[in-house]
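Asks: A single structure is presented below for examination.
The values are calculated or read from the model by the stated rules, or taken from the named source; none is laboratory data. Quick caveat: nothing in here was measured; it's all calculated off a predicted structure. Virtual Cβ from ideal backbone geometry, glycine too; neighbours counted across all protein chains shown.
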Amino acid sequence: MSAPADLNAELSAVITTPTVRRAVRRSLYWAVAIAGLLVLGAITIALNGATREAERWGAEESAPAGSRAVVEVLRDAGIEVVVVGRLDDALTAAETSGTTLFVGDTRAILDAERWPRLLGVADHLVIAEPSQPALDALRIDALTAAPLTEGRDAIELEAGCSVPAAQRAESIRATGIGYSTLDGEACFDAGETGAGLVRLDVDGRQVSVLGAGSVLQNGEITRAGNAALALGLLGEHPTLVWYQPTPADLTAPTAAELTPDWVNPVAWLAVLAGLAAAFWRGRRFGPVVIENLPVVVKTTETMEGRARLYAREGSRLRALDALRVGTLRRIADGLALGRGAGVDDIVSAVAGITGRDPAALRTLLIDLEPANDRELVELSDRLLELEAHIARRVGLDDLAPTAPPPAPTGRMDA
Amino acid sequence: MAVTGWFVLLVALGVVPVVALAPVASPALVLVGWLVLCTGLAGLDLALAASPRALRLQRQTDARVRLTETATATLFVTNPSRRPLRGAIRDAWEPSAGAAPSRQPLLVPPGERRAIVTRLTPWRRGERRTALVTVRSRGPLRLAERQVSIRLPGTITVLPEFAARKHLPSRLARLRELDGRTSVMVRGQGTEFDSLREYVRGDDVRSIDWRATARRSGGPGPDGRPGQTLMVRTWRPERDRHVVVVVDSGRTAAARIADETRLDTAFESTLLLSALADRAGDRVDVAVFDRRVRGRVQGARGADLLAKLVETMAPIDPELIETDYTAVPGLVRSMTTQRSLVVLCVPLESPGATRSLLAMLPQLTTRHLVLVAAVTDPALLEAAGERDDRAAVYRAAAAERALLDAERVAAAVRRLGGDVVSAAPLDLPPAVADRYLAYKAAGRL
């Protein structure tokens, strides 16, 4: 069985793995295409800046939420505007006399320890929309009341106080938070919702709580007297310190500062070693071999399906009849009665051999109808018992289907 | 390319310089430097490895192997370069070719040739193929490997197992017993006169040839008295009969009974019958058929017959189409003109599925002796005897019903003039052979 084939010609050996040059050339199109898409995306982002969220009251922010307009106008008016992002810088810049300190803590970075440090530094402290915890920390006479809105729109407010900036503005149209005060001077009071501006005097220095924060924003500043209020409030002194707290104010040590500086590189190294290990173990030793396998058809499916049908429909009589026919067939074969033997012949032959009552045998083999599954199982057992009895009588061990050895062959040679 | 475990270890060892040099250098810089060093070493290793592209490969494979036996597939690897080739090689045989080992270490010194031997123990009949050889060449630093796949097709034909050949010696002995037998009990029109010999005790008295006895009775007998030598005629089975085997390779032949498809059982039966009939001096023609003739062996004798049979059967798998039984009489007519034994290897299951077979059968039985060889499912018999609980009883009932159906179909075949042999897969080939011997002895061929 092993006549060796001729040595195959070497010509048929073709290297299918592409060379490095061919692989590069083949993937060049995609590499260039992907790189081009990345460059295009980068250019788009650089031009539009669309992904950055506009910072509210940002001094350099030109989006509607920013405050670049008011800052630029103040600069043009000859006021020195110092934009700072750290509390220490803000305090240093505000030390000189003739300073307005603007604080807009949009990200709620300052905590109860830091708020009080802002007091008593600048000549005029302007706080935009402080939260209640901030007011508590400052220990000043103001409480948050309610949002300053009229439905969804900005609310129109009249000055109604003696603060010069407010009086010049006469009326504003803004949104923000309303504040109530006991001793301070409430301007732009809307009644229940509170006032848009609260002027307080703390230790001889002026403190303004600006609830109508939207008057500073580029998008709102042109409305009503908004611009007048903003410029009047912030342009009072020759220097304006524009302070917006940043994460740099958080002095708690970060995780990076606590760990040794080699931890990150080691973690990266572990990741790279893992990648290398994945490549080591995962690299396929040549392509997967494909083989068409023939279908596998199980033959007992029909039988199992039919059995489930019998069981589900409760066809006890039909099932029992099948068992009876099988028993009769085996008995007829075992007693050599021939294929043409009728039921009566078989019953009388069995009665003769076993000595049982023919009528009872006829009942078992033909007439009895099982009323429930228990009777069916019992009748089936009685059929088996009858077959075993006959087998014992005639000495045919292979008659009974339960006889285990030898394995059933199903050979029907007759 | 591929990397080795040593490369992974080398990368991981970078933790030592990164931590140790932390006081004097930035760990990130050390990390980058280490990675550059690793990739540089790996690149150097790749450059120094022998090129697997330069290899010359030759394949030498056994042309055919019988199922369950083992063949060898040898791959000759020549390294024409001036560097030694270290690495591994994989000959990508189909899974069912049972190739072992699937990948082997490879070391070919410069300018030399090595044989890589793969042992094939297929577990499926047919044509098993390999298309690719994949070679990895490791560099001297053992860090990286170059890998190429080379298309180098090879095939091996896996022949039917013919496990039934173990039954052949006993059947051949039976066949020899038929020769020179005097018995007239089995004598019929199919037996031929063989020779005359002296009567021995046990011979049938009806086979005494009185005329020959009278001719021999001239002289004195062994005890001096005349006329004591009786002569009997001996007979032998007729020779040069024709056996036609038609194997159904349609949808139902795909059914797997006792871990063997019907088609494989039919092939086993065909092989045993062919071997036996050929020795008995009969002509054997075989056709495998579903809607077209998938394989046909005609006019072969002796060792050539079996070789042609296994060669023809090897690549045939069951097709998932209904067999066109109406074309079978025409097929048989095209293979024989004289009266023959036609063996049909078809399933006899339910009356509905065999209707077209039964409709076609009279056309064959009028001219030929028809034997239908069908496989019965031992699982049915097992299920019929198992009645432990409610579900088992219903299963037993269904099994009995299936057996009854098969019996009804067999009875229908007999009524139409055919003959039926049905047995479990392992038992069917000897049963068919026995039936053939019975025909032979009875002179019915």
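Asks: What is the number of the single condition among (1) at pLDDT 90 or above; (2) surrounded by fewer than 17 Cβ atoms within 10 Å (Cβ to Cβ) that B:E177 does not meet?
Replies: (1)
Asks: When you scan segment B:55-72, do you find a residue that is farther than 30 Å from B:V108 by Cα, among the basic types (K, R) and not in a helix (DSSP H, G or I), even just one?
Replies: yes
Asks: More than 10 Å from chain B (Cβ to nearest Cβ) and without any contact (Cβ under 8 Å) to a residue 40 or more places away in the chain: which single residue out of A:A322, A:A359 fits that description?
Replies: Exactly one residue qualifies, and that residue is A:A359.
Asks: Among what's in segment B:404-426 and is surrounded by 23 or more Cβ atoms within 10 Å (Cβ to Cβ) and part of a helix (DSSP H, G or I), pick the residue that is nearest to the other protein chains (Cβ to nearest Cβ).
Replies: B:A406
Per-residue answers, yes or no, for (1) surrounded by fewer than 18 Cβ atoms within 10 Å (Cβ to Cβ); (2) small (G, A, S):
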position	(1), (2)
B:G5	yes, yes
B:V11	no, no
B:V32	yes, no
B:A47	yes, yes
B:T61	no, no
B:E94	no, no
B:G98	no, yes
B:S102	yes, yes
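Asks: Among the residues of segment A:263-301, write down those that are of a type outside the set (A, V, I, L, M, F, W, C) and either more than 7 Å from chain B (Cβ to nearest Cβ) or exposed (fewer than 11 other Cβ atoms within 10 Å of the Cβ) (or both).
Replies: A:N264, A:G274, A:R281, A:G282, A:R284, A:N292, A:E301
Asks: Considering segment B:86-116 alone, what residues qualify as being closer than 15 Å to A:R284 by Cα and charged (D, E, K, R)?
Replies: Selection gives B:R90, B:D91, B:R103.
Asks: Continuing with the same structure: Which one is nearest to the other protein chains (Cβ to nearest Cβ), of the residues in segment B:88-138 that are among the small types (G, A, S) and farther than 15 Å from B:L57 by Cα?
Replies: B:S96
Asks: Restricting attention to strands (runs of 3 or more DSSP E) lying wholly within segment A:181-293, give those where 1 or more residues are hydrophobic (A, V, I, L, M, F, W, C) and in contact with a Phe, Trp or Tyr (Cβ under 6 Å, 6 or more places away or on another chain).
Replies: A:195-202, A:205-210, A:239-243
Asks: Collect the residues in segment B:356-395 that are part of a helix (DSSP H, G or I), touching a Ser or Thr at 6+ places or on another chain (Cβ under 8 Å) and over 23 Å from A:R329 (Cα atoms), keeping them in residue-number order.
Replies: Answer for segment B:356-395, where residues must be part of a helix (DSSP H, G or I), touching a Ser or Thr at 6+ places or on another chain (Cβ under 8 Å) and over 23 Å from A:R329 (Cα atoms): B:S356, B:A359, B:M360.
Asks: Considering only residues of segment A:69-88 that are assigned to a helix (DSSP H, G or I) and modelled with pLDDT under 85, which is nearest to A:L250 (Cα to Cα)?
Replies: Among them, the one singled out is A:L87.
Asks: Just one of B:L306, B:L273 is assigned to a helix (DSSP H, G or I) and surrounded by 23 or more Cβ atoms within 10 Å (Cβ to Cβ); which is it?
Replies: Result of the check over B:L306, B:L273: B:L273.
Asks: Quick one: which of A:D141, A:D105 is of a type in the set (D, E, K, R), more than 18 Å from A:T246 (Cα to Cα) and in a loop (DSSP other than H, G, I, E, B)?
Replies: Just one listed residue meets the conditions, A:D141.
Asks: Restricting attention to segment B:1-54, which residues are closer than 28 Å to A:R21 by Cβ and not in a helix (DSSP H, G or I)?
Replies: Within segment B:1-54, B:M1, B:A2, B:V3, B:T4, B:A49, B:A50, B:S51 meet the criteria.
Asks: Next question. Look through B:V158, B:V77 and report the one residue that is under 30 Å from B:A2 (Cα atoms) and either of a type outside the set (G, A, S) or in a strand (DSSP E or B) (or both).
Replies: The match here is B:V77.
Rundown of residues vs (1) surrounded by fewer than 24 Cβ atoms within 10 Å (Cβ to Cβ); (2) part of a helix (DSSP H, G or I); (3) more than 12 Å from chain A (Cβ to nearest Cβ); (4) not β-branched (V, I, T), yes/no style:
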| position | (1), (2), (3), (4) |
| --- | --- |
| B:L331 | yes, yes, yes, yes |
| B:V342 | no, no, yes, no |
| B:A397 | no, yes, no, yes |
| B:E400 | no, yes, no, yes |
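Asks: B:L141 versus (1) surrounded by fewer than 22 Cβ atoms within 10 Å (Cβ to Cβ); (2) of a type in the set (A, V, I, L, M, F, W, C); (3) farther than 17 Å from B:M1 by Cβ; (4) more than 10 Å from chain A (Cβ to nearest Cβ): which is the lone unmet condition?
Replies: Here B:L141 clears every test but (3).
Asks: Okay, next question. Condition first: acidic (D, E) and on the phi < 0 side of the Ramachandran plot. Now tell me which residues in segment A:172-224 satisfy that.
Replies: A:D183, A:E185, A:D189, A:E192, A:D201, A:E220
Asks: Something else now. Please specify each residue of segment A:363-414 satisfying the condition of being modelled with pLDDT of 55 or more, within 22 Å of A:S348 (Cβ to Cβ) and small (G, A, S).
Replies: Passing the criteria: A:A388, A:A391, A:G395.
Asks: Could you tell me which numbered condition B:A20 fails, if it satisfies all but one of (1) more than 7 Å from chain A (Cβ to nearest Cβ); (2) small (G, A, S); (3) buried (at least 21 other Cβ atoms within 10 Å of the Cβ)?
Replies: Here B:A20 clears every test but (3).
Asks: Just to be sure, is B:P351 surrounded by 19 or more Cβ atoms within 10 Å (Cβ to Cβ) and over 24 Å from B:A438 (Cα atoms)?
Replies: In short, no.
Asks: Is at least one residue of segment A:248-267 within 30 Å of B:L13 (Cα to Cα) and in contact with a Leu (Cβ under 7 Å, 6 or more places away or on another chain)?
Replies: yes
Asks: Looking at B:T68, is it surrounded by fewer than 16 Cβ atoms within 10 Å (Cβ to Cβ) and under 30 Å from B:R294 (Cα atoms)?
Replies: Yes: the conditions hold for B:T68.
Asks: Okay, moving on. Name every residue in segment A:149-167 that is part of a strand (DSSP E or B) and at pLDDT below 80, in order of residue number.
Replies: Of everything in segment A:149-167, those that are part of a strand (DSSP E or B) and at pLDDT below 80 turn out to be A:E150, A:D153.
Asks: In segment B:367-380, is there at least one residue being facing chain A (nearest Cβ under 7 Å) and of a type in the set (D, E, K, R)?
Replies: Among the residues of segment B:367-380, at least one is facing chain A (nearest Cβ under 7 Å) and of a type in the set (D, E, K, R), which makes the answer yes.
Asks: What residue, of B:A63, B:A54, B:A73, B:A49, is within 26 Å of B:G98 (Cβ to Cβ), in contact (Cβ under 8 Å) with a residue 24 or more places away in the chain, more than 9 Å from chain A (Cβ to nearest Cβ) and among the small types (G, A, S)?
Replies: It is B:A73.
Asks: Within the set of pairs 6+ apart or on separate chains, which have a first residue in segment B:93-104 that is basic (K, R), a second that is surrounded by 14 or more Cβ atoms within 10 Å (Cβ to Cβ), and C-beta atoms under 8 Å apart?
Replies: B:R103/A:F285; B:R103/B:A88; B:R103/B:I89; B:R103/B:R90
Asks: While we're here: Can you pull out the residues in segment A:327-344 that are assigned to a helix (DSSP H, G or I) and without any contact (Cβ under 8 Å) to a residue 12 or more places away in the chain?
Replies: Scanning segment A:327-344 gives A:R329, A:D344.
Asks: While we're looking at this one, here's another question. Just give me the residues in segment B:381-395 being aliphatic (A, V, I, L, M) and at the interface with chain A (Cβ under 7 Å from one of its Cβ atoms), in sequence order.
Replies: Answer for segment B:381-395, where residues must be aliphatic (A, V, I, L, M) and at the interface with chain A (Cβ under 7 Å from one of its Cβ atoms): B:L381, B:A383, B:A384, B:A391, B:V393.
Asks: Could you tell me whether A:R312 is modelled with pLDDT of 90 or more, in a helix (DSSP H, G or I) and more than 9 Å from every other protein chain (Cβ to nearest Cβ)?
Replies: yes
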